[in-house]
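The values are calculated or read from the model by the stated rules, or taken from the named source; none is laboratory data. Keep in mind it's a predicted model, so treat the numbers as computed, not measured. Cβ atoms come from the backbone with ideal geometry, glycine included; neighbour counts cover every protein chain shown.
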């Protein structure tokens, strides 16, 4: 259902507020440059720092500007199931193609709690759900056996896998009989994950290099992994630089160099140090992005 280069979209701010006009321009930038899908208000979109009204407004703007041209998988996750339900229902009402839901970070639910959380979301609407498995942030790792159980729920259609475990898609595929989309949640594994059965990547670097990430994913879809690997190797120094300091400070600074948005993030993420800025600028120049 979902695949290719799916951008984990940054949220632009101006004077401390969501910059709605710039957000619209960011969507247009991705539509013009071959991005295959958009995830607003995810981790890279600084969802933990947004108010409920801001979160909903961003989803409404992105779905409105995309107007069905490419999929929009709205970030809707929360460690509070009741709050996740509200965001999920709003995403459905706003015309999103799907919703991205993380496991209950901080609460640390057991496998049954994980299942019941997603079962509740599954029953709320017909909106497709992508499970976000990111143990480094959520502490909990959704085991392949639990993922297989989730896949049997009607509206659970895929996973954003940020485990860094390249055996994971193979382990899950052995247990999941249903149609299921496997998406890497990590730019570093974009090609290798596809070789293991993935269909795309929810990407941070796509914010600033959408043509390259789109070409990479298209090459994978065509089975041209040599070309995909070549692009991946070229992108790696920039990806390294973007994640030298807490994200999304790196990618928002890179966006500012392209005139896409201001570099400001909300606390507790702070401005990059000058050495990191210099490295990002150098790597963008090497890739002819500047």
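Some values worked out for this structure:
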item: Which listed residue, of 267, 260, 272, is part of a loop (DSSP other than H, G, I, E, B), closer than 26 Å to residue 70 by Cα and over 18 Å from the mean Cα position of the chain (by Cα); result: 260
item: Test result for residue 245, over 20 Å from the mean Cα position of the chain (by Cα) and at pLDDT 95 or above; result: no
item: Neighbours by Cβ (under 6 Å, 6+ apart or cross-chain): first from region 261-276, farther than 18 Å from residue 48 by Cβ; second part of a loop (DSSP other than H, G, I, E, B); result: 261/12; 272/245; 276/244; 276/245
item: Selected residue [outside any helix (DSSP H, G or I) and either out of contact with any strand residue (DSSP E or B) (no Cβ under 8 Å at 6 or more places or on another chain) or more than 30 Å from residue 223 (Cβ to Cβ) (or both)] from 64, 34, 77, 42; result: 77
item: Helices (runs of 4 or more DSSP H) wholly inside region 90-155 that include at least 2 residues being more than 27 Å from residue 62 (Cβ to Cβ); result: 111-122, 144-151
item: Qualifying residue in region 136-152 (condition: surrounded by fewer than 19 Cβ atoms within 10 Å (Cβ to Cβ), within 25 Å of residue 38 (Cβ to Cβ) and at pLDDT below 95); result: yes
item: Every pair of residues 6+ apart whose Cβ atoms lie under 6 Å, when the first sits in region 38-63 and is touching a residue at least 12 places away in the same chain (Cβ under 8 Å) and on the phi > 0 side of the Ramachandran plot while the second is crowded, with 19+ Cβ neighbours inside 10 Å and part of a helix (DSSP H, G or I); result: 41/47; 41/55; 41/58
